[in-house]
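**Student:** Here it is, the structure, as structure tokens.
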Amino acid sequence: MEWEFEILDFLQSIHAPVLTRLMSFVTFLGEAGWFWILLGIILLCMKRYRFTGIAVLGALLLDFVMANLLLKPFVARPRPCWINDTVEMLVRVPQDYSFPSGHTMASFAAAGALLFMGHRMGIWAALLAALMGISRLYFYVHFPTDVLAGTVLGLACGGLGAILAKKLQAARTGKDYL
């Protein structure tokens, strides 16, 4: 765990007003997954992207169950800002546990669903998801392994969401999804 604090402390040392504003905006997009939920709803409402919307929303539902209902309470890992309370907090201190990073996991679940559905916008979403994970480290609310786990588990949820959507699409059209 010591190496994780070294990374977090390094990120504290590079704080700058412009970077803090950028990271605040990125973190804001991840609050309660609203940005990704909205994207999924918009896609769902567009006939051409309906199954992509299903994939994104399905991935986010899997993410919510896995992260918030199962892993966070089971692992019960304290946040770095709870352990080292000398760091000046620039965001609201979350009240739930640290592992995995919910912001990161939801972001990679949505990005993964887009990627696995074959959409180029998934590349941009993955870049935003990576920034999301970095922002959580920047603000000292997650450990690097929380973000890493959120990335891997989020991509798994995205893959499962895409499989679900492709199976639904195959059932609707009568074509095999592979």
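The values are calculated or read from the model by the stated rules, or taken from the named source; none is laboratory data. This is a predicted model, so every value here is computed, not measured. Methodologically, a virtual Cβ is constructed for each residue, glycine included, from the backbone with ideal geometry; neighbour enumeration extends over all protein chains shown. Just so you know, the surface numbers come from the protein's heavy atoms only, side chains and all, with ligands and any DNA or RNA stripped out. Shrake-Rupley method; radii C 1.70, N 1.55, O 1.52, S 1.80 Å.
**Student:** Got a sec? Which of A59, A126, A76 is within 11 Å of the chain's Cα centre (by Cα) and surrounded by fewer than 24 Cβ atoms within 10 Å (Cβ to Cβ)?
**Tutor:** Of A59, A126, A76, the one residue that is within 11 Å of the chain's Cα centre (by Cα) and surrounded by fewer than 24 Cβ atoms within 10 Å (Cβ to Cβ) is A126.
**Student:** Regarding region 17-35, can at least one residue be identified that is touching a residue at least 40 places away in the same chain (Cβ under 8 Å) and touching a Cys at 6+ places or on another chain (Cβ under 7 Å)?
**Tutor:** No; the residues of region 17-35 include none that is touching a residue at least 40 places away in the same chain (Cβ under 8 Å) and touching a Cys at 6+ places or on another chain (Cβ under 7 Å).
**Student:** Given (1) modelled with pLDDT of 95 or more; (2) hydroxyl-bearing (S, T, Y); (3) farther than 24 Å from L38 by Cα, where does T86 come up short, assuming only one miss?
**Tutor:** Failing condition for T86: (1).
**Student:** Determine, yes or no, whether P73 is under 30 Å from V18 (Cβ atoms) and modelled with pLDDT of 95 or more.
**Tutor:** So P73 does not fit the description; no.
**Student:** Evaluate region 108-118: report whether one residue or more is in contact with a Ser or Thr (Cβ under 8 Å, 6 or more places away or on another chain), open to solvent by less than 10 Å² (accessible area, probe 1.4 Å) and within 18 Å of F51 (Cα to Cα). Don't jump to the end; show me each part of the working.
**Tutor:** Initially, region 108-118 is screened for residues in contact with a Ser or Thr (Cβ under 8 Å, 6 or more places away or on another chain), giving 108, 113-114, 117.
Remaining after also requiring open to solvent by less than 10 Å² (accessible area, probe 1.4 Å): 113-114.
From what is left, the residues that are within 18 Å of F51 (Cα to Cα) are 113-114.
Yes, region 108-118 has at least one match.
**Student:** Filter region 140-178 down to residues that are within 30 Å of Q12 (Cβ to Cβ) and among the β-branched types (V, I, T) and give me whichever is most open to solvent (accessible area, probe 1.4 Å).
**Tutor:** Among them, the one singled out is V152.
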